1. Give me the one-decimal Kirkwood hydrodynamic radius in Å for the chain, with the sum taken over alpha-carbon pairs.
2. At 1.4 Å probe size, with the rest of the protein present, what percent of the exposed accessible area of the stretch 205-340 is carbon and sulfur atoms?
3. Can you compute the radius of gyration and Dmax for the stretch 248-397, using only the Cα atoms, both in Å?
4. Just how large is the dipole of the stretch 67-136 about the Cα centre, in debye to the nearest 20, putting +1 at every Lys and Arg Cβ and -1 at every Asp and Glu Cβ?
5. Tabulate in residue order the Karplus-calculated ³J(HN,Hα) for the stretch 65-76, using 6.51 cos²θ - 1.76 cosθ + 1.60 with θ = phi - 60°, rounded to whole Hz; enter x for Gly and Pro.
6. Quick one: which residues, 5 or more positions from TYR254 or on another chain, have an amide H under 5 Å from its amide H? H modelled 1.01 Å from N in the peptide plane, none for Pro or chain starts.
7. What are the ³J(HN,Hα) couplings of the stretch 384-389, residue after residue, when phi is run through the Karplus curve with 6.51, -1.76, 1.60 and θ = phi - 60°? Round to Hz, x for glycine and proline.
8. Using only alpha carbons, build the gyration tensor for the stretch 158-243 and give me the equivalent ellipsoid semi-axes, biggest first, whole Å.
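The values are calculated or read from the model by the stated rules, or taken from the named source; none is laboratory data. Worth saying up front: this structure is predicted, and the values here are computed from it rather than measured. Cβ atoms come from the backbone with ideal geometry, glycine included; neighbour counts cover every protein chain shown. The protein model used for the area step is the full one, side chains on, heavy atoms only, and it has no ligands, DNA or RNA in it. Shrake-Rupley method; radii C 1.70, N 1.55, O 1.52, S 1.80 Å.
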Amino acid sequence: MRKRKKLALSCSAVLLSAGLLVPAYDAPVKAESNPVTMNKPPVSGFISHDELTRELNRVERTSQGNVEVEVAGYSNQGREIHKATIGSGDKVVLIQSEIHGNEKVGTKALLEMIKKIGSNNSPEMRQLREELTIVAMPMINPDATELNRRGTEMTWDEVTTAFPQLEEAEPSWNYYTYKNQYWDYASNPGFDMNRDFNPDLNYTPQPDDFPGSSSEPGWYITPEAQTVRDVYKDLQNQFGTVDVFIDLHHQGDYVIEGTGDPVTFSLSGVFVPHPDTEEGQKYSEYADQYNVEYAKQLNLAAYDAVQQMGNSPFGNISLYPQDLDLPGTALGSFALNGSGSVLFEITGQTQDFGQKRMGQLRRAVETGVLGILDGVATGKVQELDADRYDDIPLTDR
(Lines give C-alpha, C1' and ligand atoms only; values in the text may rest on other atoms or scores of the structure.)
Protein backbone atom coordinates (compact mmCIF):
# COMPACT_ATOMS: atom_id res chain seq x y z
CA MET A 1 0.00 0.00 0.00
CA ARG A 2 1.48 3.31 -1.01
CA LYS A 3 1.91 6.01 1.62
CA ARG A 4 -0.76 8.62 0.95
CA LYS A 5 -0.02 12.30 0.95
CA LYS A 6 -2.97 14.63 0.76
CA LEU A 7 -2.72 17.28 -1.87
CA ALA A 8 -2.81 20.83 -0.54
CA LEU A 9 -4.61 23.50 -2.49
CA SER A 10 -2.21 25.92 -4.09
CA CYS A 11 -2.37 29.52 -2.99
CA SER A 12 0.06 30.68 -5.66
CA ALA A 13 -0.96 33.72 -7.67
CA VAL A 14 -1.37 34.48 -10.77
CA LEU A 15 6.56 21.55 -27.64
CA LEU A 16 9.01 18.51 -27.99
CA SER A 17 8.21 20.47 -31.12
CA ALA A 18 8.89 24.09 -31.90
CA GLY A 19 5.83 26.30 -31.58
CA LEU A 20 4.65 28.63 -34.27
CA LEU A 21 5.64 31.65 -32.24
CA VAL A 22 9.01 30.56 -30.88
CA PRO A 23 12.33 29.64 -32.50
CA ALA A 24 12.91 26.16 -33.88
CA TYR A 25 14.00 23.65 -31.26
CA ASP A 26 17.74 23.97 -31.91
CA ALA A 27 17.85 27.50 -33.30
CA PRO A 28 19.67 30.23 -31.34
CA VAL A 29 17.39 32.39 -29.24
CA LYS A 30 18.19 36.11 -29.09
CA ALA A 31 16.55 39.23 -27.76
CA GLU A 32 15.30 41.57 -30.45
CA SER A 33 17.04 44.94 -30.61
CA ASN A 34 13.83 46.97 -30.75
CA PRO A 35 11.19 46.72 -28.03
CA VAL A 36 7.76 45.58 -29.15
CA THR A 37 4.32 45.56 -27.61
CA MET A 38 3.41 42.34 -25.82
CA ASN A 39 0.26 40.79 -27.27
CA LYS A 40 -0.14 37.41 -25.64
CA PRO A 41 -2.81 35.11 -27.08
CA PRO A 42 -5.83 34.32 -24.89
CA VAL A 43 -6.12 30.97 -23.11
CA SER A 44 -9.76 31.03 -22.07
CA GLY A 45 -11.19 27.53 -21.84
CA PHE A 46 -7.95 25.96 -20.63
CA ILE A 47 -6.98 24.95 -17.09
CA SER A 48 -4.98 27.07 -14.68
CA HIS A 49 -2.72 25.58 -12.04
CA ASP A 50 -5.17 26.36 -9.23
CA GLU A 51 -8.06 24.85 -11.20
CA LEU A 52 -6.05 21.69 -11.82
CA THR A 53 -5.21 21.42 -8.12
CA ARG A 54 -8.87 21.72 -7.09
CA GLU A 55 -10.02 19.24 -9.72
CA LEU A 56 -7.42 16.62 -8.82
CA ASN A 57 -8.44 16.91 -5.17
CA ARG A 58 -12.06 16.41 -6.15
CA VAL A 59 -11.26 13.39 -8.31
CA GLU A 60 -9.30 11.78 -5.49
CA ARG A 61 -12.15 12.32 -3.01
CA THR A 62 -14.79 10.83 -5.31
CA SER A 63 -12.80 7.92 -6.80
CA GLN A 64 -13.47 5.49 -3.93
CA GLY A 65 -9.76 4.99 -3.45
CA ASN A 66 -8.93 4.35 -7.11
CA VAL A 67 -6.99 7.59 -7.60
CA GLU A 68 -4.17 8.70 -5.32
CA VAL A 69 -2.97 12.28 -5.79
CA GLU A 70 0.35 13.51 -4.43
CA VAL A 71 2.67 16.47 -4.77
CA ALA A 72 5.68 15.08 -6.61
CA GLY A 73 7.74 18.26 -6.41
CA TYR A 74 7.71 22.00 -6.92
CA SER A 75 8.40 24.36 -9.79
CA ASN A 76 11.08 27.03 -9.60
CA GLN A 77 8.42 29.52 -8.45
CA GLY A 78 7.09 27.13 -5.80
CA ARG A 79 4.00 25.73 -7.53
CA GLU A 80 3.06 22.12 -6.90
CA ILE A 81 3.79 19.53 -9.59
CA HIS A 82 1.15 16.86 -9.17
CA LYS A 83 1.06 13.17 -9.89
CA ALA A 84 -2.02 10.96 -9.89
CA THR A 85 -1.61 7.20 -9.52
CA ILE A 86 -4.32 4.84 -10.76
CA GLY A 87 -4.25 1.05 -10.61
CA SER A 88 -2.09 -1.59 -8.98
CA GLY A 89 -0.85 -3.69 -11.88
CA ASP A 90 2.69 -4.76 -12.66
CA LYS A 91 2.89 -2.90 -15.99
CA VAL A 92 3.87 0.74 -15.45
CA VAL A 93 2.76 3.65 -17.63
CA LEU A 94 3.98 7.22 -17.02
CA ILE A 95 2.09 9.98 -18.84
CA GLN A 96 2.92 13.69 -18.72
CA SER A 97 1.54 16.86 -20.27
CA GLU A 98 2.32 20.55 -20.67
CA ILE A 99 6.10 20.35 -20.48
CA HIS A 100 5.71 23.55 -22.49
CA GLY A 101 3.26 25.91 -20.81
CA ASN A 102 1.50 26.98 -24.02
CA GLU A 103 0.68 23.39 -25.04
CA LYS A 104 -2.50 22.90 -23.09
CA VAL A 105 -4.87 20.45 -24.81
CA GLY A 106 -2.93 17.45 -23.48
CA THR A 107 -3.60 18.53 -19.90
CA LYS A 108 -7.35 18.59 -20.45
CA ALA A 109 -7.18 15.20 -22.13
CA LEU A 110 -5.06 13.73 -19.33
CA LEU A 111 -7.38 15.06 -16.63
CA GLU A 112 -10.38 13.51 -18.39
CA MET A 113 -8.58 10.17 -18.58
CA ILE A 114 -7.71 10.29 -14.87
CA LYS A 115 -11.42 10.77 -14.12
CA LYS A 116 -12.58 8.05 -16.49
CA ILE A 117 -10.07 5.36 -15.54
CA GLY A 118 -10.35 6.14 -11.84
CA SER A 119 -14.14 6.37 -11.54
CA ASN A 120 -15.67 4.27 -14.32
CA ASN A 121 -16.44 0.68 -13.29
CA SER A 122 -16.87 -0.75 -16.76
CA PRO A 123 -15.02 -4.05 -17.38
CA GLU A 124 -12.55 -2.20 -19.59
CA MET A 125 -11.66 0.41 -16.96
CA ARG A 126 -11.45 -2.20 -14.20
CA GLN A 127 -9.04 -4.21 -16.34
CA LEU A 128 -6.82 -1.13 -16.78
CA ARG A 129 -6.72 -0.64 -13.01
CA GLU A 130 -5.97 -4.31 -12.38
CA GLU A 131 -3.25 -4.75 -15.00
CA LEU A 132 -1.56 -1.34 -15.01
CA THR A 133 -0.06 1.18 -12.64
CA ILE A 134 -0.73 4.47 -14.39
CA VAL A 135 1.09 7.56 -13.14
CA ALA A 136 -0.22 10.76 -14.68
CA MET A 137 1.61 14.08 -14.34
CA PRO A 138 -0.52 16.84 -15.85
CA MET A 139 0.98 20.31 -16.19
CA ILE A 140 4.59 19.58 -15.25
CA ASN A 141 5.69 23.15 -16.07
CA PRO A 142 3.16 25.21 -14.06
CA ASP A 143 5.20 28.44 -14.03
CA ALA A 144 5.11 28.51 -17.82
CA THR A 145 1.42 27.59 -17.72
CA GLU A 146 0.62 30.70 -15.70
CA LEU A 147 2.60 32.80 -18.18
CA ASN A 148 1.12 30.94 -21.17
CA ARG A 149 4.55 30.44 -22.69
CA ARG A 150 6.85 27.62 -23.68
CA GLY A 151 9.76 28.11 -21.28
CA THR A 152 10.13 27.94 -17.51
CA GLU A 153 10.52 31.00 -15.29
CA MET A 154 14.13 30.77 -14.10
CA THR A 155 17.34 32.77 -14.48
CA TRP A 156 20.85 31.49 -15.07
CA ASP A 157 21.84 33.09 -11.75
CA GLU A 158 19.35 30.79 -10.03
CA VAL A 159 20.98 27.82 -11.75
CA THR A 160 24.45 28.78 -10.55
CA THR A 161 23.12 29.33 -7.04
CA ALA A 162 21.80 25.78 -7.04
CA PHE A 163 24.94 24.43 -8.77
CA PRO A 164 27.94 26.60 -7.76
CA GLN A 165 30.26 24.48 -9.92
CA LEU A 166 28.62 26.16 -12.95
CA GLU A 167 29.54 29.71 -11.95
CA GLU A 168 32.08 30.08 -14.76
CA ALA A 169 30.12 28.02 -17.29
CA GLU A 170 28.35 29.55 -20.26
CA PRO A 171 24.53 29.43 -20.01
CA SER A 172 22.97 26.38 -21.60
CA TRP A 173 21.91 26.60 -25.23
CA ASN A 174 18.22 26.19 -24.30
CA TYR A 175 18.19 29.33 -22.11
CA TYR A 176 15.57 31.71 -23.53
CA THR A 177 16.39 35.45 -23.44
CA TYR A 178 14.68 36.67 -26.62
CA LYS A 179 11.74 39.04 -26.99
CA ASN A 180 9.03 39.23 -29.62
CA GLN A 181 5.42 40.43 -29.80
CA TYR A 182 4.25 37.49 -27.73
CA TRP A 183 7.02 36.47 -25.30
CA ASP A 184 9.34 38.63 -23.21
CA TYR A 185 12.11 36.29 -22.11
CA ALA A 186 14.53 39.22 -22.21
CA SER A 187 13.17 40.58 -18.93
CA ASN A 188 11.89 37.25 -17.59
CA PRO A 189 14.19 34.43 -18.80
CA GLY A 190 13.54 30.71 -18.73
CA PHE A 191 14.53 27.34 -20.13
CA ASP A 192 13.10 24.85 -22.57
CA MET A 193 12.90 22.14 -19.91
CA ASN A 194 12.35 19.49 -22.56
CA ARG A 195 16.06 19.74 -23.30
CA ASP A 196 17.04 19.34 -19.65
CA PHE A 197 16.92 15.53 -19.44
CA ASN A 198 19.80 13.08 -19.47
CA PRO A 199 19.73 9.29 -19.99
CA ASP A 200 22.13 9.04 -17.04
CA LEU A 201 19.47 9.45 -14.37
CA ASN A 202 22.14 10.07 -11.72
CA TYR A 203 23.94 12.78 -13.69
CA THR A 204 24.99 15.97 -11.89
CA PRO A 205 25.79 19.11 -13.90
CA GLN A 206 29.42 19.53 -14.98
CA PRO A 207 30.84 22.82 -16.36
CA ASP A 208 32.45 21.12 -19.35
CA ASP A 209 29.01 20.01 -20.58
CA PHE A 210 27.81 23.59 -21.18
CA PRO A 211 26.41 25.17 -23.25
CA GLY A 212 25.64 21.84 -24.97
CA SER A 213 23.43 21.41 -28.04
CA SER A 214 20.21 19.81 -29.23
CA SER A 215 22.00 16.55 -30.08
CA GLU A 216 23.61 16.26 -26.64
CA PRO A 217 22.10 15.25 -23.27
CA GLY A 218 20.71 17.82 -20.85
CA TRP A 219 21.69 18.42 -17.24
CA TYR A 220 18.70 18.31 -14.82
CA ILE A 221 19.25 21.94 -13.86
CA THR A 222 15.53 22.84 -13.65
CA PRO A 223 13.49 21.65 -10.66
CA GLU A 224 10.69 20.65 -13.02
CA ALA A 225 12.88 18.19 -14.95
CA GLN A 226 14.37 16.96 -11.68
CA THR A 227 10.85 16.19 -10.42
CA VAL A 228 9.94 14.14 -13.48
CA ARG A 229 13.30 12.33 -13.28
CA ASP A 230 12.73 11.53 -9.60
CA VAL A 231 9.25 10.11 -10.27
CA TYR A 232 10.72 7.98 -13.06
CA LYS A 233 13.53 6.71 -10.80
CA ASP A 234 11.08 5.92 -8.00
CA LEU A 235 9.01 3.82 -10.40
CA GLN A 236 12.15 2.04 -11.60
CA ASN A 237 13.09 1.25 -8.00
CA GLN A 238 9.62 -0.04 -7.23
CA PHE A 239 8.86 -1.99 -10.41
CA GLY A 240 12.22 -2.53 -12.10
CA THR A 241 11.24 -0.69 -15.27
CA VAL A 242 8.83 1.93 -16.57
CA ASP A 243 7.22 0.01 -19.42
CA VAL A 244 5.62 2.95 -21.22
CA PHE A 245 6.29 6.70 -21.29
CA ILE A 246 3.82 9.00 -23.07
CA ASP A 247 4.48 12.72 -23.61
CA LEU A 248 1.69 15.06 -24.78
CA HIS A 249 2.82 18.09 -26.84
CA HIS A 250 1.68 20.58 -29.49
CA GLN A 251 3.17 21.36 -32.88
CA GLY A 252 2.45 23.71 -35.77
CA ASP A 253 -0.26 23.29 -38.38
CA TYR A 254 0.92 20.73 -40.94
CA VAL A 255 -0.51 18.47 -43.64
CA ILE A 256 -0.10 14.81 -44.50
CA GLU A 257 2.80 14.40 -46.91
CA GLY A 258 1.63 14.33 -50.52
CA THR A 259 -1.83 15.67 -49.67
CA GLY A 260 -3.49 18.83 -48.46
CA ASP A 261 -5.11 17.04 -45.55
CA PRO A 262 -4.47 18.85 -42.25
CA VAL A 263 -2.78 16.75 -39.56
CA THR A 264 -4.80 16.05 -36.41
CA PHE A 265 -1.72 15.00 -34.48
CA SER A 266 1.61 13.32 -35.10
CA LEU A 267 3.09 10.28 -33.37
CA SER A 268 6.62 9.03 -32.89
CA GLY A 269 8.56 6.32 -31.09
CA VAL A 270 12.02 7.26 -32.41
CA PHE A 271 14.00 10.04 -30.72
CA VAL A 272 17.64 8.92 -30.91
CA PRO A 273 19.60 6.77 -33.37
CA HIS A 274 19.53 3.08 -32.48
CA PRO A 275 22.47 2.24 -30.19
CA ASP A 276 23.41 -0.65 -32.50
CA THR A 277 24.01 1.69 -35.44
CA GLU A 278 27.07 3.75 -36.29
CA GLU A 279 25.14 6.97 -35.65
CA GLY A 280 23.94 5.71 -32.29
CA GLN A 281 27.19 4.19 -31.09
CA LYS A 282 27.51 6.89 -28.42
CA TYR A 283 24.48 5.29 -26.76
CA SER A 284 25.91 1.76 -26.82
CA GLU A 285 25.74 1.40 -23.03
CA TYR A 286 21.94 1.50 -23.36
CA ALA A 287 21.70 -1.00 -26.22
CA ASP A 288 20.47 -3.93 -24.12
CA GLN A 289 17.48 -2.03 -22.74
CA TYR A 290 16.55 0.15 -25.72
CA ASN A 291 13.40 -1.34 -27.31
CA VAL A 292 12.34 0.69 -30.31
CA GLU A 293 10.23 -2.20 -31.67
CA TYR A 294 7.98 -2.00 -28.61
CA ALA A 295 7.78 1.77 -28.97
CA LYS A 296 6.59 1.33 -32.55
CA GLN A 297 3.95 -1.17 -31.42
CA LEU A 298 2.68 1.31 -28.85
CA ASN A 299 2.44 4.02 -31.50
CA LEU A 300 0.52 1.64 -33.73
CA ALA A 301 -1.93 0.95 -30.90
CA ALA A 302 -2.67 4.69 -30.72
CA TYR A 303 -2.84 5.02 -34.50
CA ASP A 304 -5.22 2.08 -34.92
CA ALA A 305 -7.52 3.27 -32.13
CA VAL A 306 -7.95 6.69 -33.71
CA GLN A 307 -8.34 5.30 -37.23
CA GLN A 308 -11.21 3.12 -36.02
CA MET A 309 -13.21 6.28 -35.37
CA GLY A 310 -13.74 6.37 -39.12
CA ASN A 311 -14.26 9.36 -41.38
CA SER A 312 -14.02 12.16 -38.84
CA PRO A 313 -11.83 15.11 -37.81
CA PHE A 314 -9.66 12.58 -35.97
CA GLY A 315 -8.44 10.65 -38.98
CA ASN A 316 -5.32 12.43 -40.20
CA ILE A 317 -2.54 11.00 -38.05
CA SER A 318 1.06 11.33 -39.21
CA LEU A 319 4.58 10.41 -38.17
CA TYR A 320 6.71 13.11 -36.60
CA PRO A 321 10.17 13.43 -38.26
CA GLN A 322 12.16 10.26 -37.63
CA ASP A 323 15.76 11.35 -38.16
CA LEU A 324 16.14 12.78 -34.66
CA ASP A 325 18.93 12.76 -32.12
CA LEU A 326 17.42 14.30 -28.99
CA PRO A 327 18.88 12.69 -25.86
CA GLY A 328 18.07 15.82 -23.86
CA THR A 329 14.33 15.24 -24.21
CA ALA A 330 12.38 13.20 -21.69
CA LEU A 331 11.36 10.92 -24.55
CA GLY A 332 14.92 10.25 -25.70
CA SER A 333 16.32 9.82 -22.18
CA PHE A 334 13.59 7.46 -21.02
CA ALA A 335 13.63 5.46 -24.26
CA LEU A 336 17.32 4.77 -23.67
CA ASN A 337 16.38 3.60 -20.17
CA GLY A 338 14.09 0.93 -21.57
CA SER A 339 10.70 2.63 -21.78
CA GLY A 340 8.55 2.26 -24.86
CA SER A 341 8.15 5.97 -25.55
CA VAL A 342 5.31 7.67 -27.41
CA LEU A 343 5.13 11.28 -28.55
CA PHE A 344 1.78 12.95 -29.25
CA GLU A 345 2.18 16.23 -31.16
CA ILE A 346 -1.26 17.85 -31.25
CA THR A 347 -1.79 20.21 -34.17
CA GLY A 348 -1.66 23.95 -33.63
CA GLN A 349 -0.93 26.11 -30.61
CA THR A 350 -3.34 27.11 -27.88
CA GLN A 351 -4.01 30.50 -29.45
CA ASP A 352 -5.32 28.78 -32.58
CA PHE A 353 -8.23 26.93 -31.01
CA GLY A 354 -11.94 27.52 -30.66
CA GLN A 355 -13.88 25.44 -28.17
CA LYS A 356 -15.16 22.98 -30.79
CA ARG A 357 -11.75 22.29 -32.28
CA MET A 358 -10.17 22.02 -28.85
CA GLY A 359 -12.75 19.40 -27.88
CA GLN A 360 -12.11 17.40 -31.04
CA LEU A 361 -8.36 17.35 -30.45
CA ARG A 362 -8.79 16.43 -26.79
CA ARG A 363 -10.99 13.45 -27.72
CA ALA A 364 -8.50 12.35 -30.38
CA VAL A 365 -5.70 12.30 -27.80
CA GLU A 366 -7.87 10.45 -25.26
CA THR A 367 -8.75 7.84 -27.88
CA GLY A 368 -5.12 7.30 -28.84
CA VAL A 369 -3.82 7.05 -25.28
CA LEU A 370 -6.65 4.73 -24.22
CA GLY A 371 -5.79 2.58 -27.23
CA ILE A 372 -2.25 2.25 -25.89
CA LEU A 373 -3.42 1.49 -22.35
CA ASP A 374 -5.84 -1.17 -23.56
CA GLY A 375 -3.16 -2.76 -25.74
CA VAL A 376 -0.69 -2.91 -22.86
CA ALA A 377 -3.26 -4.18 -20.34
CA THR A 378 -4.51 -6.97 -22.63
CA GLY A 379 -1.11 -7.79 -24.13
CA LYS A 380 -2.50 -7.19 -27.62
CA VAL A 381 0.02 -4.45 -28.31
CA GLN A 382 2.79 -7.04 -28.56
CA GLU A 383 0.87 -8.82 -31.32
CA LEU A 384 1.07 -5.78 -33.59
CA ASP A 385 3.49 -5.87 -36.53
CA ALA A 386 6.05 -3.16 -35.74
CA ASP A 387 6.89 -2.87 -39.45
CA ARG A 388 3.47 -1.26 -39.98
CA TYR A 389 4.79 1.78 -38.10
CA ASP A 390 6.64 2.82 -41.26
CA ASP A 391 3.34 2.79 -43.16
CA ILE A 392 1.97 5.69 -41.10
CA PRO A 393 2.12 8.72 -43.44
CA LEU A 394 4.79 11.31 -42.82
CA THR A 395 4.18 14.93 -41.89
CA ASP A 396 4.85 17.54 -44.56
CA ARG A 397 6.81 20.19 -42.65
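1. On the way: mean 1/r = 0.0475 Å⁻¹.
Result for the chain stands at 21.1 Å.
2. Of the solvent-accessible surface of the stretch 205-340, carbon and sulfur hold 40 percent.
3. Calculated on Cα positions, Rg and Dmax stand at 15.4, 47 Å.
4. Numbers: 9 positive and 10 negative charges, 36 e Å.
I would put it at about 180 debye.
5. x, 7, 10, 10, 10, 9, 8, 7, x, 9, 6, 4
6. Under 5 Å from the amide H of TYR254 lie the amide H atoms of VAL263, GLY348, each far enough along the sequence or on another chain.
7. Listing the rounded values in order: 6, 7, 4, 5, 5, 3 Hz.
8. They are 26, 16, 11 Å, listed from largest to smallest.
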